Amino acid sequence: MNLDSKDVVISIRNLKKSFGQYSIINDLNFDIKRGSITTILGFSGAGKSTLLKHILGLLRPTSGHVFVNGQDISNLGGVALREFRRNFGMLFQYAALFDSLSAFENVAFPLREFTKDSEAEISRKVKSLLESVNILENSFYKLPSELSGGMRKRVGLARGLALNPDIMLYDEPTTGLDPITTKMVNELIVQTAKNNKQRQMTTIIISHDVKASLAISDFIAFLEHGRIVEYSTASEFAQSKNRIVQEFINL
Amino acid sequence: MPIKTGAGLIEKFGDSILRAIEETGKVTLFVGQFFYWVFRPPFRFRLLFAQLYFIGNKSLFIICLSGAFTGMVLAYQTYFGFKIISVDSLVGPVVAISLARELAPVLSGLIVAGRAGAAMAAQIGTMKVTEQVDALEVMGIDSYQYLALPRIIAGTLSLPMLTIIFLLVGNLGGWLVGTKALMIDETMYFSKLGEFMFLADIYQGVIKSIFFGFSIAVIGTYFGFEVKRGAEGVGKGTNMAVVWGMIFVLISDYFLTSFLIKIL
Ligand SMILES: Nc1ncnc2c1ncn2[C@@H]1O[C@H](COP(=O)(O)OP(=O)(O)OP(=O)(O)O)[C@@H](O)[C@H]1O
Ligand SMILES: [Mg+2]
């Protein structure tokens, strides 16, 4: 797939990563379009999480480069790297809420850490974030252990969005959820992308769920043995001629 | 069935030595990070106070209880030995010196390793397996700085305080038993204290407790971060923190004592 270079938010060039003798990412090249919803599909162990960790600068490439907003992050370190990560919001598979903090405090956390907002300002922002993910006032001060799995995900999403990230990442957002909660989370992802459309927030999803990916993504990439073997618009993806992709779709 | 051979045993032995070396390297780096971060902002005083409170809260009651009974038993044992040679006036100083130099720091250390050290490993281990540690990192917060640093500082500060409390309560217990049960003269119990006990005795205990507190917290947080996956991993990490925390207190006590006796 060819993207106009001014539309590219993340650009990965000749990325290789090995752990010991095992080569996990093999000469991967990949561009992600700014403002899009892009899903990365692949079998378990294909290297999806490894790729995601390179995009966040949590892992360093064995060779190759990762550019985010034109900046090469492969050799950023320390303070610069931590500053850089503030471009991202992330929803973890099990939400990863801080379990000693209430829903409200979890969402307030990044605001307290990284802004100079007054307490009133923080309170206003947190409330509006929680409302935007349909968390009701009576749950604001509950601890994560008192929330359902679906609610935790929504609070996790609100926390991820608190600092208006350029790029929102979802790591297997619906794995292990029941069908109704799955539907709700998918709708929320689309809704969130829409709400942040005019500031061109990019959405990147890692997933196993072909059907949902076809329904909500603009673009879909298929990762196999550390390479992108198919990358196209969602509608073209279903028609892929790649045998493994077809196998995956028809599973 | 494979037959166990000598070579297999040697291989295993070699393996554990390599692992021990690797582990030592990792712990050294872990301690190194402490000195890297300790003078660097942001200083998270709120987290530090929370940890001080947590360790104190977890251990204070049991420290007082152990201190009181240790002092009481010690007074009893000493008295029956000393009465034979009619030096029962020395019970007070002996109890005080034993507590100050050894019993207060070592027993407080063992208690804190079992309670606070275990809790540190469990908390951080749980955060590790539920990706809360990753969540911190993704937000751009150094997880060591946020989680380990306040715990290690709090451990280093609170164990000496708990040791001094142990010492005071222990002496109170010794005094109670000595004067009320064993009928040593009330004014005599502590009268020889100035003659036999020196500040060096207290320094020795306090210096040891600072070192123990630091080590216990390092061990607790280290095994927390080492947890790999699952609830089982958290349990194992917690267990390791307690076992190694206690072993470390007991072994390093010997070396610290032999060193401090020379210089104090
Ligand atoms: N830190 C590491 N050290 C060694 N091997 C690793 C490490 N991280 C990942 N791997 C290996 O790399 C391969 C890809 O792992 P990765 O987690 O990226 O897969 P994935 O596509 O996210 O799979 P899943 O869908 O199961 O999450 C796996 O075989 C894994 O064992
Ligand atoms: Mg994964």
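The values are calculated or read from the model by the stated rules, or taken from the named source; none is laboratory data. Keep in mind that what you see is a predicted model, and the values were worked out from it rather than measured. Using ideal geometry, Cβ is built from the backbone for each residue, glycine included, and neighbour counts are taken over all protein chains shown.
Quick one: is B:PHE69 outside the structural domain of B:GLY155 (by TED's automatic domain parsing), among the aromatic types (Phe, Trp, Tyr) and either modelled with pLDDT of 95 or more or under 30 Å from B:TYR144 (Cβ atoms) (or both)? Spelling it out, it is not the case that B:PHE69 is outside the structural domain of B:GLY155 (by TED's automatic domain parsing), among the aromatic types (Phe, Trp, Tyr) and either modelled with pLDDT of 95 or more or under 30 Å from B:TYR144 (Cβ atoms) (or both). In a residue-by-residue description of segment A:71-94, the property of being under 29 Å from A:ARG154 (Cβ atoms), aliphatic (A, V, I, L, M) and either within 16 Å of ligand 1 (Cβ to nearest atom) or in contact with a Cys (Cβ under 7 Å, 6 or more places away or on another chain) (or both) applies to at least one position. Reported count of residues in segment A:70-101, each being more than 14 Å from chain B (Cβ to nearest Cβ) and either under 17 Å from A:LEU161 (Cα atoms) or surrounded by fewer than 15 Cβ atoms within 10 Å (Cβ to Cβ) (or both), is 4. Taking segment A:166-204 as the range and being charged (D, E, K, R) and on the phi < 0 side of the Ramachandran plot as the test, the residues that pass are A:ASP166, A:ASP171, A:ASP178, A:LYS183, A:GLU187, A:LYS194, A:LYS197, A:ARG199. A:LEU52 versus (1) more than 13 Å from ligand 1 (Cβ to nearest atom); (2) within 11 Å of chain B (Cβ to nearest Cβ); (3) out of contact with any Gly (no Cβ under 6 Å at 6 or more places or on another chain): which is the lone unmet condition? Evaluating A:LEU52 over (1) more than 13 Å from ligand 1 (Cβ to nearest atom); (2) within 11 Å of chain B (Cβ to nearest Cβ); (3) out of contact with any Gly (no Cβ under 6 Å at 6 or more places or on another chain) leaves (1) as the failure. Scanning segment A:1-22 for residues that are in contact with a strand residue (DSSP E or B) (Cβ under 7 Å, 6 or more places away or on another chain), of a type in the set (Ser, Thr, Tyr) and within 16 Å of ligand 1 (Cβ to nearest atom) yields a single hit, A:SER18. Output yes when any residue across segment A:168-176 is small (Gly, Ala, Ser), touching a residue at least 40 places away in the same chain (Cβ under 8 Å) and within 16 Å of ligand 1 (Cβ to nearest atom), and no when none is. Checking segment A:168-176: at least one residue is small (Gly, Ala, Ser), touching a residue at least 40 places away in the same chain (Cβ under 8 Å) and within 16 Å of ligand 1 (Cβ to nearest atom). Against the test of being more than 15 Å from the chain's Cα centre (by Cα), among the basic types (Lys, Arg) and either closer than 30 Å to A:PHE67 by Cα or part of a loop (DSSP other than H, G, I, E, B) (or both), the options A:LYS127, A:LYS142 yield a single qualifying residue, A:LYS142. Where helices (runs of 4 or more DSSP H) fall entirely within segment A:1-114, those with at least 2 residues that are farther than 23 Å from A:ILE244 by Cβ and not charged (D, E, K, R) are at A:78-84, A:103-114.
Of all residues in segment A:36-72, exactly one satisfies the criterion of being of a type in the set (Ser, Thr, Tyr), more than 15 Å from the chain's Cα centre (by Cα) and within 9 Å of ligand 2 (Cβ to nearest atom), namely A:SER44.
Among the candidates A:ALA215, A:ALA158, which residue alone is away from ligand 1 (no atom under 16 Å from the Cβ) and either among the hydroxyl-bearing types (Ser, Thr, Tyr) or away from chain B (no Cβ under 14 Å) (or both)? Going through A:ALA215, A:ALA158 in turn, just one is away from ligand 1 (no atom under 16 Å from the Cβ) and either among the hydroxyl-bearing types (Ser, Thr, Tyr) or away from chain B (no Cβ under 14 Å) (or both): A:ALA215. More than 14 Å from chain B (Cβ to nearest Cβ) and within 16 Å of ligand 2 (Cβ to nearest atom): which single residue out of A:ILE205, A:ILE189 fits that description? After ruling out the rest, the residue left standing is A:ILE205.
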